[in-house]
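Structure first, then comments.
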Amino acid sequence: MSSPPIASLTESNTLEFPDNHTKTSASLSDSTNKVNEPLQNLHLASHEVLERAQRAGRSKCSKCSGSRMFYCYTCCSLVGVSQEEIPKVKLPLKIDIIKHPNETDGKSTAVHAKLIAPDDVSIYTYPCIPEYEDERHEVVLVFPGPDSVTVEDITNRLLRLADRDSPCLQDHHRSAEEPAPKRMKQDTTAEDGEVPSPKKEAKQGRHKHLLKRVVFIDSTWNQTNKIVTDERLQALLQVELKTRKTCFWRHQKGSPETYLSTIEAIYYFLIDFHQQCLSEEYHGEYDNLLFFYSYMYKLINKAKHAAGKL
Ligand SMILES: [Zn+2]
């Protein structure tokens, strides 16, 4: 693909999924965006493959035989399109998505992340989640709360956690007047120069960062709290994203319009991480995470136009 066409989407204030679900006011008006229209100016691969698949209609998932379009949200596999035909994105860190068991799979956008970044994304169904206890100096949970920090603060906060948790790092940051025990010194050198590097690299904006894994919760507004209070997640540093309005057409009743769909949250987190933690300019590297999302958004708008509702 030489120069991927830019998705041209119509502006919308109210969205409605044609066959079900509720209306929402959804207009992305983040001042940091180049334009006020949502999902504009993305560097996306051609949607031609999805247009073709849509013309062909639904087909059966080879694993569960469910009737699906583009992908099977139950099996997390492509249907009617092949892996080679859709873009693949390499992420600068690993992403764990924890799904609420009651969440209706078909409504979730978590599967988009797994399909587009298969090497870096894992999906878990609560309560089966990984143990993060020994990794809390390199894992964060994206969830707004009283103790949450900004993406910009992640580097400093993780360094502090690492200082507290790891004897090696403690040793490294120990003040000069307090000589470290010999054994710890050996541990430090045995780490192959790994210990001092994260801070330096984070500051120099190289492609390496202290942060290795980000946890997202894929759940309705109401169910999220049950997961986030799980003690296995309680120990993790919580990160809050900048306020952005959702473009999601399946707006959840009672949730604020700043409650992003999972794929939006992942996408915006990565942009902030790229700019603020890796200190690099963003050139659309992760835009294809919205490959399916932007196409479906476009479809919804078309349907609205056809119905004379826009
Ligand atoms: Zn399936």
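The values are calculated or read from the model by the stated rules, or taken from the named source; none is laboratory data. Values in this document were obtained by computation on a predicted structure and should not be read as measured data. So basically every Cβ, Gly included, is an ideal-geometry build from the backbone, and we count neighbours across all protein chains shown.
Restricting the first member to segment 54-80 and to residues that are in contact (Cβ under 8 Å) with a residue 40 or more places away in the chain, and the second to residues that are among the small types (G, A, S) and near the ligand (Cβ under 7 Å from one of its atoms), the beta-carbon pairs closer than 8 Å and six or more apart or on different chains are Y71/S77.
Determine if segment 46-54 includes at least one residue that is among the hydrophobic types (A, V, I, L, M, F, W, C) and within 16 Å of the ligand (Cβ to nearest atom). Yes: one or more hits. The set of residues in segment 73-88 being more than 9 Å from the ligand (Cβ to nearest atom) and out of contact with any strand residue (DSSP E or B) (no Cβ under 8 Å at 6 or more places or on another chain) consists of S82, Q83, E84, E85, P87, K88.
Those residues that are at pLDDT 95 or above and of a type outside the set (K, R), I need them from segment 88-109; list them, please. Across segment 88-109, the qualifying residues are V89, L91, P92, L93, I95, D96, I97, I98.
Conditions (1) closer than 22 Å to W221 by Cβ; (2) among the charged types (D, E, K, R); (3) surrounded by fewer than 16 Cβ atoms within 10 Å (Cβ to Cβ); (4) in contact with a strand residue (DSSP E or B) (Cβ under 8 Å, 6 or more places away or on another chain), marked per residue:
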{"position": "L44", "(1), (2), (3), (4)": "no, no, no, yes"}
{"position": "R58", "(1), (2), (3), (4)": "no, yes, yes, yes"}
{"position": "S62", "(1), (2), (3), (4)": "no, no, yes, yes"}
{"position": "D96", "(1), (2), (3), (4)": "yes, yes, no, yes"}
{"position": "S108", "(1), (2), (3), (4)": "yes, no, no, yes"}
{"position": "R136", "(1), (2), (3), (4)": "no, yes, no, yes"}
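Within segment 267-303, the residues that satisfy the criterion of being of a type in the set (A, V, I, L, M, F, W, C) and within 17 Å of the chain's Cα centre (by Cα) are F269, L270, I271, F273, C277, L278, L289, L290, F291, F292.
In segment 73-90, which residue that is assigned to a loop (DSSP other than H, G, I, E, B) and of a type in the set (G, A, S) is nearest to R52 (Cα to Cα)? Ranking the candidates gives G80 first.
Here Q40 clears all of (1) at pLDDT below 95; (2) within 16 Å of the ligand (Cβ to nearest atom) except the condition numbered (2).
Let's see how each residue does on (1) closer than 20 Å to E48 by Cα; (2) within 16 Å of the ligand (Cβ to nearest atom); (3) in a strand (DSSP E or B):
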residue	(1), (2), (3)
C64	no, yes, no
Y71	yes, yes, yes
P92	no, no, no
D96	no, no, yes
L115	yes, yes, no
C128	no, no, no
